[in-house]
Amino acid sequence: MNYWNKPYECMEREQLVKLQSERLVETVRRVYHNVPYYRNLMQERGLVPEDIKGIEDLPKLPFTTKEDLRNNYPYGLFAVPMSEIIRIHASSGTTGKPTVVGYTRQDIITWSELMARTLTCGGATKDSVIQVAYGYGLFTGGLGVHYGAERLGASVIPISGGNTKRQVMLMKDFGTTVLACTPSYALHIAETMEEMGIDRKELKLKNGIFGAEPWSEALRKEIETKLEITAIDIYGLSEVIGPGVASECLYKQGLHIFEDHFIPDIIDPNTGEVLPEGEEGELVFTTITKEGLPVIRYRTRDITSLNYEPCPCGRTHVRMSKIVGRTDDMLIIRGVNVFPSQIESILIDIGQTEPHYLLIVDRINNLDTLEVWVEVSEKLFSDEVRKLEQLRKRISHEILNVLGINARVKLVEPKTIQRSEGKVRRVIDKRK
Amino acid sequence: MKGENRVLVRQISVFLENKKGRLLEVTKVLKEHDIDITALSIADTTSFGIVRMIVDKHEDAVEAMRKSGFTVSTTEVLAVKVSDRPGGLHEVLEVLKDNDISIEYAYSFVRQPSENALILFKVEDPLKTSDILKKAGFHTLKEEDIRNL
C-alpha cells in the first residue's frame, strides 16, 4: 500500500482529534479577529473564541452557506489581506454571481499536498503519466489536480477538457497511465475511443481519478469495463479547497476525508441538528488549516454518511460514502425523495444501456409528473416495435419498483441529450 | 459475405423519434451518398418510429447513417415473389401458417406494373422459411435480384 504522507494519513484517532482541536481553536480565533462577518455572527450568539476549546464545541458555531459567500461577494470572507492571496478561483454561478475563493501561498502548498495524497490513493506514482482532462481556469478541477500531480512528481499532460478525439490520440501517443476528469467525461472519452476504432491494447491507461459530480457504482463498472482501468471517486468543492477534500483508496469502500485539514459533520438538512454516527444527512465541513478563506461549518448540500471503521488500506481517516445526491438536486416528486443517481443505476442494471438520460419533472393539474428520456444505443435497438415497447415498459416498471413513481419513459435518438465536458445536467425541473 | 451471394435480403433499420423533419434527415443523408431506396416501410408508435429500408448500397447506407448519428441495425429479411392477383399473398401465408412460422412484420413493394408483387417478411428463421416456400413452389429473391428489378 502506498501512502503520500503516512504519519498524517494513518494517525491514531486520539492523536488526530487532539490535532484537530488545536487547529480548530486557532482557526476560530483567526476568523473572529480577521473576518467581520464571522465576528458578528459569533457575537450575536454570545460566543467568544475562548468558548471553543476543541472539536466537541463545534456544534456551537454557526453554519456558513453558499448564500453567505455570495452575499459577501467577492472577497468579503477572506481572512487575509489581498496582498497575501496568490490565486483566485470561482465556481460557476448557475444563478447570478459566482462564489469566489482565494488561496495564500501556504494554501496552494496544502492543496498540492492533498492532491498528491489523492492521486497516490488512486494508484498514481511519480512514474505515472497523468492526463488532466478536468477544465483549467476558474474551475478548481484542472489546476488542483495539476499541482498535486506535479507535487507527486508524475508527468503531467495539462490538456484540460474538450476536444475528445485529440484527448484519445494523445492518450495513445503520450502513453497516459492515469486519466483525471469527470466520470461523465470519462464515459464520453470511452465512447469516442470506440467510434474512432482505437484498440484498447494501444493504450497504457491503468487508473482513473474521477470526481466533481455524483456518479453511481454502476457507472463506475461501466467505465472500468470500457476503459479497462481501476477508477476511484474523489471529492472536493472549491469553497472548502477544491478537489482533495476526500478520496477513495484502491479498496473503493468510501472516500477518506483528509481530517487533519477538514472536520466533517453530518446534519439533518432541515433542522441543522448533528446526526448520530453512520446516519445519512448533509455533509458539513470546517477547514482547520486554510488561510485565505477559512470556512466554518460550511454546508455542502451533498448527502452522505460517515464511517469511522478502520479501512483495510491502513488509513485512519473517516470514510464518507459515495455522494447519494444533493439537497438541491434531490427532487421531491409526489412527496418521494428522488436522486438522479437512483435512476441511473436502474438504467445500467437493465443492461447495456449507456447512461445517457434526462429527467424532466413537471406539474400538470397539480400533480407532479416525471418523464425519463433514454437514448437508444445500437445495443438497445431492435427493428421490432414490440421489443422497443417492452424495453420502455421495463424501465418504467423498474422505476416504479424502486421509487414508487409512475414515470413516462421516452426513447430518444442518440445525442439528443446534451453531452458534457464538465458537469452534466441530468434534470430539468419545470415546476419552479 | 458479399451481397451478390445472399439468399436473404439485408434491410437497414433506423430508429427515429416521432417528430417533424426526422424522416427528411434520413432521406437527405441517403441522397448525399447517392443511395437508392428500393423498398421502404415505417413502423410507428406515438413517440418513436422504425424506418426499414432495402437500399442499393447496404454497407454505404449503414456507414453513412451511423456517421450522421442515427441508431441503425441490419436485419436479414426474406423477399418472396407473389402473383399480383386476388389471393396471391393469401397462398404464401397459408404455407407459413401450416409450417407454424410466425411473421414479425411484412411489407410489400411493386417496382413496375407486372404480374408479380414482392413481399418482404421478417421471420425468426428466414433460411428455413425460404426453403419451405421454395418447396411449396414460391420464388424467393436474392439481394442481387432485387437490385436488378
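The values are calculated or read from the model by the stated rules, or taken from the named source; none is laboratory data. This is a predicted model, so every value here is computed, not measured. Methodologically, a virtual Cβ is constructed for each residue, glycine included, from the backbone with ideal geometry; neighbour enumeration extends over all protein chains shown. Just the protein is used for accessible areas: all its heavy atoms, side chains included, with ligands, DNA and RNA removed. Shrake-Rupley method; radii C 1.70, N 1.55, O 1.52, S 1.80 Å.
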_Residue that is nearest to the other protein chains (Cβ to nearest Cβ), among those in the range B:29-50 that are β-branched (Val, Ile, Thr), within 24 Å of residue A:388 (Cα to Cα) and open to solvent by 20 Å² or more (accessible area, probe 1.4 Å)_ = B:45
*Within the range B:78-99, is even one residue among the hydrophobic types (A, V, I, L, M, F, W, C) and within 12 Å of chain A (Cβ to nearest Cβ)?*
no
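Just give me the residues in the range B:122-149 being part of a helix (DSSP H, G or I), among the aliphatic types (A, V, I, L, M) and either over 17 Å from the mean Cα position of the chain (by Cα) or crowded, with 19+ Cβ neighbours inside 10 Å (or both), in sequence order.
Selection gives B:132, B:133, B:146.
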*asked:* What's the total number of residues in the range A:183-224 that are open to solvent by 10 Å² or more (accessible area, probe 1.4 Å), within 25 Å of residue A:127 (Cβ to Cβ) and outside any helix (DSSP H, G or I)?
replied: 6
*Mind checking whether some residue in the range A:393-416 is more than 14 Å from chain B (Cβ to nearest Cβ), modelled with pLDDT of 90 or more and in a loop (DSSP other than H, G, I, E, B)?*
yes
*Among the numbered conditions (1) in a strand (DSSP E or B); (2) among the acidic types (Asp, Glu); (3) modelled with pLDDT of 95 or more, tell me where residue A:291 comes up short.*
(1)
*asked:* When you check residue B:119 against the structure, is it aliphatic (A, V, I, L, M), surrounded by 13 or more Cβ atoms within 10 Å (Cβ to Cβ) and assigned to a loop (DSSP other than H, G, I, E, B), yes or no?
replied: no
*Mind listing whichever residues of the range A:144-164 are open to solvent by 40 Å² or more (accessible area, probe 1.4 Å), at pLDDT 95 or above and either closer than 16 Å to residue A:185 by Cα or part of a helix (DSSP H, G or I) (or both)?*
A:147, A:150, A:151, A:158
*Residues (open to solvent by 50 Å² or more (accessible area, probe 1.4 Å) and either more than 26 Å from the chain's Cα centre (by Cα) or aromatic (Phe, Trp, Tyr) (or both)) located in the range A:38-62*: A:39, A:40, A:43, A:44, A:45, A:46, A:48, A:50, A:53, A:56, A:60
*Cβ-Cβ below 8 Å, separation at least six or inter-chain, first residue in the range A:190-212 and within 26 Å of residue A:145 (Cα to Cα), second open to solvent by 70 Å² or more (accessible area, probe 1.4 Å): which pairs?*
A:192/A:165; A:200/A:228; A:205/A:228; A:212/A:423
*Under the condition of being touching a strand residue (DSSP E or B) at 6+ places or on another chain (Cβ under 8 Å) and in a loop (DSSP other than H, G, I, E, B), which residue from the range A:110-139 is surrounded by the most Cβ atoms within 10 Å (Cβ to Cβ)?*
A:133
_Out of everything in the range B:100-113 that is of a type in the set (S, T, N, Q) and in a loop (DSSP other than H, G, I, E, B), what residue ends up being nearest to the other protein chains (Cβ to nearest Cβ)?_
B:102
